[in-house]
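Below: the structure, in structure tokens.
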Amino acid sequence: MEEQAADCLVLRRYLHIGKAHIVGHSYGGSIALQLTLDFPGVVQTLTLLEPALIVGSSGEAYRESLLKGAQAHADRLAEDVVDEFVRVRWGGNDYRSILDQSLPGAFEQAVADEIPGLLS
């Protein structure tokens, strides 16, 4: 999280952006919060939209899943990494039927969009 927040700082400098209005959604919300905590002088305002909850009853398993996925990513298929990430966060093996009913094609799109290291 700290590394990705620092990456945001580097990008901001590269684009010659001063204080900025920061918006983060889901995992990006956690990164935006980390950016604000680590570099408060670059944030004009902070808006968090459904930030990823890395605390609470599933927080530890969620963080472990992120770490495990990042460590093993080079040896695994994107489908396996995305599956583990979503299964742990959504609390079980039956998430696919719920996801497919609510957002048809979402899992396949997540696999297609997965970028090495993105889930780390």
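Using the basic label-point model (7 angstrom from Cα toward the beta carbon), what is the residue 10 to residue 79 distance in nanometres?
According to this spin-label approximation, the distance is 3.3 nm.
Sort 45, 36 so the one with the fewest other Cβ atoms within 10 Å of its own Cβ comes first.
Taking fewest neighbouring Cβ atoms as first place, the list is 45, 36.
Read-outs throughout are calculated quantities, based only on the coordinates presented, and are distinct from any laboratory measurement. What you see is a predicted model, and the numbers here were worked out from it, not measured in a lab. Glycine gets a Cβ as well: all are built from the backbone with ideal geometry, and neighbour counts include every protein chain shown.
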